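A short worksheet on the structure shown next.
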Amino acid sequence: MVSLGPETTLKRNAISLADPHTAELRLREDFELLSTQSVPTGTTPYVITTPRLPDAKRLRILVTGGAGFVGSHLVDKLMHLGHEVVVLDNFFTGQKKNIEHWLHHPNFRYVRCIHLSYAVCSIVLTGTHILYMCLSIYAQSGGARCYGSHILGSGSNLSLSLSCKSSPLPV
């Protein structure tokens, strides 16, 4: 939870939530605050601010493997720049805790996908401007399962990104 300071907390506690108008105002204030920053978590104990970009400058960026070590840092940077980020991960080697500080943000989405098919890729890539592929070729914990998933998924992502006019960028 984001700390707003002792005077704000006391003032809010004094307001009765029985009034629907007051509750609506609090929800709007909280949404406005949370849509401009990340939430501190155990993995990321600091706040990362996000500017509001106009629609013409904000890009929709897909990051495959975005819950992994490298991918999550890339997601942090892209969110800090104000872009809309979609993370596609199977969580074989990545962890949800690496991206949980963005789960509330309106410019962030994540899709957990174990079997990456052409149909799933076409849905996720629609409207995407840039595709980053952050994947490990071989992971000790996943072995051949990860390798097969990465090769098949990468092929689907690349062929679809070319047909959707996205820019595929390997990391």
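Quick notes on this one:
- Candidate cross-link partners of residue 97 among the aspartates and glutamates, defined by an alpha-carbon separation under 20 Å and a same-chain spacing of 8 or more, comprise 76, 84, 89.
- Largest accessible area first, the listed residues 77, 57 line up as 57, 77 when surface is computed with a 1.4 Å probe on the assembled protein chains.
- Packing, taken as the mean count of other beta carbons within 10 Å per residue, orders the peptides 63-70, 86-93, 101-108, 29-36 from highest to lowest as 63-70, 86-93, 101-108, 29-36.
- Over region 60-136, accessible surface divided per residue gives 43 Å², non-protein components excluded, 1.4 Å probe.
The values are calculated or read from the model by the stated rules, or taken from the named source; none is laboratory data. The structure presented is a predicted model; accordingly, all values stated were derived computationally and were not measured. A quick note on method: Cβ atoms are made from the backbone with ideal geometry, for glycine too, and the neighbour counts reach across all protein chains shown. Ligands, DNA and RNA are excluded from the accessible area calculation, which covers all protein heavy atoms including side chains. Shrake-Rupley method; radii C 1.70, N 1.55, O 1.52, S 1.80 Å.
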